[in-house]
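Below is one structure, written out as structure tokens; comments come after it.
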Amino acid sequence: MAFESLSEKLQNVFKNLRGKGRLSEADVAAALKEVKMALLEADVNFKVVKNFIKSVQERAIGQDVMSSLTPGQMVIKIVNEEMVKLMGSETTEIAFKPGNEITVIMMCGLQGAGKTTTTAKLAGKFKSKGKKPLLAACDIYRPAAIEQLQINGNKQGVPVFTMGDKHKPVNIAKAAIEHAAKNSMNVVILDTAGRLHIDEDMMNELIEIKENVSVFQTILVVDAMTGQDAVNVSEMFNNKIGIDGVILTKLDGDTRGGAALSIRAVTGKPILYTGVGEKLSDLEQFYPDRMASRILGMGDILTLIDKAQVDFDEAKARELEKKIKKAEFDFNDFLDQMQQIKKMGGFGDILKMMPGMGGQLKDVDIDEGALSGIEAIIYSMTKEERSNPDVLNPSRKKRIAKGAGVDISEVNRIVKQFEQSKKMMKQFSGMLGSKGGKRKFKLPFGF
């Protein structure tokens, strides 16, 4: 995941600060030197790092910090505040025209950044907010670009306007807006062509669209895994055509994350969303304060709550609560809970958002694959067996094991642990045990 290395290094710096009763200017300078190196290694823009360290140092060497009872905590607080300021302080929403006026949004970016998929993700977000979006296929160069947009649009339940690959993108954009007006749609999202690198033809095409179509928002999609190049691309697009915001993709990948910390400072344009996976639902609103908390190892409980509100069924939750109180929890309920957790990204993602858990998970081997094995065993049971585990005799267990492709001992283990674990997991802190060198993460219900 992004920022893991940076987060680990910063937490080590802060751990040393917390251990000191009083801080001298030399202590602060030494700590900030380590912070500076950590940021540079994360591919944060050099000028951004220089200004950031200067701002932190000016505040951290003040009398209020030095005379504080908890100077280490005060420095951490300052770093957090300056990091939030660096990324924009406030969350920026994509702007729309008032009422039912058609808002035209032009998506642009280089090939490989995930622009077309992100365009469909964005359309799904708008639809869920009550908008009536139309996707316009203006990429006439990349093979299968139009088909990809149609497939993703269909999955999102959003119509796609296309004229094939024989018309100029500017004419497709004009026709799409006319189509939207005739069909009472109020958002048109133009999926424009990308290139392997920025060239004159690409920019001229985007400029032509903006000169002939009333584009209300121009959004740049950049690949977080390209690091400093993502910042350079953002700056060039902003200088040549003007952008209103950035969507940072692949932030779930093995990236150092420097782009997220640099783009706002270099371009003056906000990060609007982050792509955190390949599913069409994997697009998160960008909150500078939450991102700073994640980077500094303080968790992100607000995003966790947001995920829970979106993915959890309240009626099912209330029903489950009643069953647990009466000790009537069965394997059907367990399957439901596993599916809800998968929707939220799995146990690893959930735990990393818990305050204080990031550092503890460094050497934890979270076996998400174990869930699939448990699912196979439960799906091999009959409806009666799932709802009433008491009927599971040796012959039934043997049949279940054969159906799931596991040894009968695995079925016995699952059933035994299930019987001992009818109370749902109470606290995340009880899930970490010790086995050899790496700690093993225990799944809920002891699995």
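The values are calculated or read from the model by the stated rules, or taken from the named source; none is laboratory data. What you see is a predicted model, and the numbers here were worked out from it, not measured in a lab. Here the Cβ is made from the backbone with ideal geometry for all residues, glycine too, and neighbour counts use every protein chain on show. Side chains included, ligands, DNA and RNA excluded: accessible areas come from the protein's heavy atoms. Shrake-Rupley method; radii C 1.70, N 1.55, O 1.52, S 1.80 Å.
How large is the accessible surface per residue of region 177-221, computed with a 1.4 Å probe and reported in Å² as a whole number?
Values: 2030 Å² over 45 residues.
On a per-residue basis, region 177-221 sits at 45 Å².
Ignoring ligands, DNA and RNA, please state the percent of accessible area on region 46-128 from carbon and sulfur, probe 1.4 Å.
C and S fraction of accessible area: 51 percent.
Only sites in a loop by DSSP and with at most 14 other Cβ atoms within 10 Å count here; which trypsin sites (Lys or Arg not before Pro) in region 13-47 make the cut?
Answer in residue order: 20, 22.
In nanometres, what is the gap between the two model label sites at residue 47 and residue 239, each 7 Å from Cα along Cα-to-Cβ?
Modelled inter-label distance: 1.0 nm.
Fully extended, how many nm does the chain gain between residue 336 and residue 12 (0.36 nm per residue separation, minus their Cα-Cα distance)?
112.7 nm
If I take R0 = 41 Å and measure r between the Cβ atoms of residue 89 and residue 199 in this structure, what FRET efficiency does the formula 1/(1 + (r/R0)^6) give, to the nearest 0.05?
Using R0 = 41 Å, I get an efficiency of 0.70.
Just to confirm, what accessible area per residue do you get for region 100-151 at 1.4 Å probe, in whole Å²?
37
Give me the extension gain from residue 73 to residue 33: residue separation times 0.36 nm, minus the current Cα-Cα distance, reported in nm with one decimal.
Stretched out fully, the residue 73 to residue 33 stretch lengthens by 12.6 nm.
Which trypsin sites (Lys or Arg not before Pro) in region 223-288 pass both tests, a DSSP loop state and at most 13 other beta-carbon atoms within 10 Å?
Those satisfying the criteria are 279.
Kindly flag which residue pairs out of 54/250; 168/240; 125/166; 121/174; 85/129 have an alpha-carbon separation exceeding 26 Å in this structure.
54/250; 125/166; 85/129
Suppose every Lys and Arg Cβ carries +1 and every Asp and Glu Cβ carries -1, with no other charges. What dipole size does region 1-134 come out with about its Cα centre, to the nearest 20 debye?
500
Please report, as a whole percent, how much of the solvent-accessible surface of region 216-280 comes from carbon and sulfur atoms (probe radius 1.4 Å).
That share works out to 42 percent.
Let me check the size of region 12-111 from its C-alpha atoms; what are the radius of gyration and Dmax in Å?
19.1, 60
In square nanometres, what is the average projected area of the Cα convex hull of region 103-180?
Computed as one quarter of the Cα hull surface, the answer is 4.8 nm².
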